[in-house]
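This report refers to the structure that appears directly beneath it.
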Amino acid sequence: MKLESHFIEIYRLINKSRTKALAAVNTELIDLYMEIGKYISIKISNEEWGKSVVKNLSEYLNKIEPNLKGFSSQNLWRMKQFYEAYSSNQNILPLVREISWTNNMIILSKTETEKEREFYIRLSIKEHLSKRELERQINSSVFERTILSKQKLSPAVREIYPTADKEFKDRYLLETKLDEFFELGETQE
């Protein structure tokens, strides 16, 4: 029995290291996708590249590295969209590195505003949301319900918006409070 407690400790060390390694890999992948998106965005905005060039790039990458996954022309376009959506927002940029590419793509495709994206990114980080749970939260309009209702709020939402159930009385006040929240978030980072 005593020996088993040592084994459990070794197992915990392995899991801790594994988690840190996966986080580092995720951060590196997000940085890579951001750089590729930037490259493609610049080439397209300078009218040097179009749809066919991005498709050719995908085919080229597949040809020289057949086992390379995640670089279809559709995903390359997503990288461009990702870069354009987040590169100029210094509040969100560090946060997108803390969640998976899949969760980033869900948030990017299913939200409309920067503030809504930031809300779901922060919620994903705080609650360690899986893909399915994140989709469920977005599909159930947690962002809108948090802001517009007086329902009992989850602890994570209450932490993100501590006074949401008391202060969001009308649209004007909503916009004011959202702006205050995001300004506060800027100084806390």
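The values are calculated or read from the model by the stated rules, or taken from the named source; none is laboratory data. Note that the structure is a prediction, hence the values are computed from the model and not measured. Cβ sites come from the backbone with ideal geometry, for glycine too, and all protein chains shown count toward neighbours.
Looking at the stretch 67-107, which of the residues that are charged (D, E, K, R) and within 13 Å of Ile30 (Cα to Cα) is farthest from the chain's Cα centre (by Cα)? Show your work before the answer.
The initial filter retains those residues of the stretch 67-107 that are charged (D, E, K, R), namely 69, 78, 80, 84, 97-98.
Filter once more, keeping what is within 13 Å of Ile30 (Cα to Cα): 78, 80, 97-98.
Working: Arg78: 13, Lys80: 15, Arg97: 7, Glu98: 7 Å.
The selected residue is Lys80.
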Test for Arg136: is it within 24 Å of Lys69 (Cβ to Cβ), loosely packed, with under 13 Cβ neighbours inside 10 Å and among the charged types (D, E, K, R): no
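Condition check ((1) more than 27 Å from Leu134 (Cβ to Cβ); (2) outside the structural domain of Phe143 (by TED's automatic domain parsing); (3) not in a helix (DSSP H, G or I)) across all residues:
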| site | (1), (2), (3) |
| --- | --- |
| Arg12 | yes, yes, no |
| Thr27 | no, yes, no |
| Leu76 | no, yes, no |
| Ile99 | no, yes, yes |
